[in-house]
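Okay, structure first, notes after.
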Amino acid sequence: MTETKLKIKILGEAVLRKKAKPVREVTDEHRQALSQMTKAMYAGSGVGLAAPQVGLSLQMIVVDIGEGLYKLVNPKITKKQGIQVNSEGCLSLPGVSVKVRRAKQVWVMAQDESNRSIEIQAKDLFACVLQHEIDHLKGKMIIDYASFLGKLRVKRKLAVLKKSKSSKL
Ligand code: ZN
């Protein structure tokens, strides 16, 4: 195993529910965190990861749906269009998937790791992942989109997971 220094937080940890703080200026520390987040995302075979998921309450996300890596700081959705519904998973909710209704297309403003402003136009899966990760920065998770019964099912699954100490996430 490569040493991923950052451990992925699982639902139940307070940091996942906190509003992440904006980053005033991207420094070497942030760049280092972004690169560790990237490693953690790839190690978990995820397509996106938000800083709160590794215990950092900062507005930073990494996304790679197989079309290149994006490291985004202070990402904000400026426009949404259309609807898509996908079954989504989350590295902070292992073994769980929830059907989530989101915009089909989004426009996102952010800074890159060199403090440059960038605008991204995304659709389909890319748009879905961006919305999922930006939700994390607001303390929102896919379980919040589940029905009452869906939530119960997720909680039961996670309780079982906690009991089996074998989960090395
Ligand atoms: Zn997630």
- Relative contact order for the range 3-124 using alpha-carbon pairs under 8 Å, separation at least 6, rounded to a whole percent? 23
- How much accessible area does I134 have with a 1.4 Å probe, in Å² rounded to the nearest 10? 10
- Mind giving me the nanometre distance, one decimal, between the label points for T27 and S45, set 7 Å out from Cα along Cα→Cβ? 3.8
- Quick one: what are the phi-derived ³J(HN,Hα) couplings along the range 14-21, Karplus 6.51/-1.76/1.60 with θ = phi - 60°, whole Hz, x for glycine and proline? 4, 4, 5, 9, 7, 6, 6, 7
- In Å and whole numbers, how far do the C-alpha atoms of the chain stretch along each principal axis, longest first? 45, 40, 28
- Would you list which lysines come within 28 Å of K162, measuring only between C-alpha atoms, while excluding same-chain residues fewer than 8 positions from it? K5, K7, K9, K18, K19, K39, K99, K138, K140, K151
- Query: Any idea what log10 I(q)/I(0) is at q = 0.13, 0.15, 0.23 Å⁻¹ for the range 63-161, Debye with uniform C-alpha scatterers and no solvent?
  - Reply: -0.50, -0.64, -1.22
- Note on the structure: Checking the range 64-125 for trypsin sites (Lys or Arg not before Pro) in a loop per DSSP with at most 12 other beta-carbon atoms within 10 Å yields R116
- Just the accessible area for H132, please: 1.4 Å probe, Å², rounded to the nearest 10? 20
- Taking the alpha-carbon centroid of each part, what is the distance from the range 98-169 to the range 36-57 in angstrom? 12
- With charges only on Cβ, +1 for K and R and -1 for D and E, what is the dipole size of the chain about its Cα centre, in debye, rounded to 20? 1020
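On a 1.4 Å probe surface of the protein chains, which of T38, T78 comes out largest in accessible area, and what is the full order? Could the numbers behind the result be given before it?
Values: T38 10, T78 85 Å².
From most exposed to least exposed: T78, T38.
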- Item | Label point at E113 placed 7 Å out along Cα→Cβ; residues across the range 19-38 whose backbone nitrogen lies under 15 Å | 26-38
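For every other residue with a beta carbon closer than 11 angstrom to the beta carbon of Y70, add +1 if it is Lys or Arg and -1 if Asp or Glu, then tell me the sum. Write down the numbers at each step before the final one.
On the way: positive: K71; negative: D64, E67, D112, E113, E133.
Taking every other residue near Y70 into account, the sum is -4.
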- Task: Go ahead and run the numbers for FRET between K155 and Q84, Cβ-Cβ distance against an R0 of 30 Å, rounding to 0.05.
- Result: 0.70
- Please work out the average accessible area per residue across the range 14-168, using the 1.4 Å probe convention, and give it in Å². 55
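The values are calculated or read from the model by the stated rules, or taken from the named source; none is laboratory data. All of these numbers come straight from a predicted model, not from anything done at the bench. Neighbour counts are summed over all protein chains in view; Cβ atoms, including those assigned to glycine, are modelled from backbone coordinates with ideal geometry. Ligands, DNA and RNA are stripped out before the accessible areas are found, and what is left, the full protein with its side chains, is counted by its heavy atoms. Shrake-Rupley method; radii C 1.70, N 1.55, O 1.52, S 1.80 Å.
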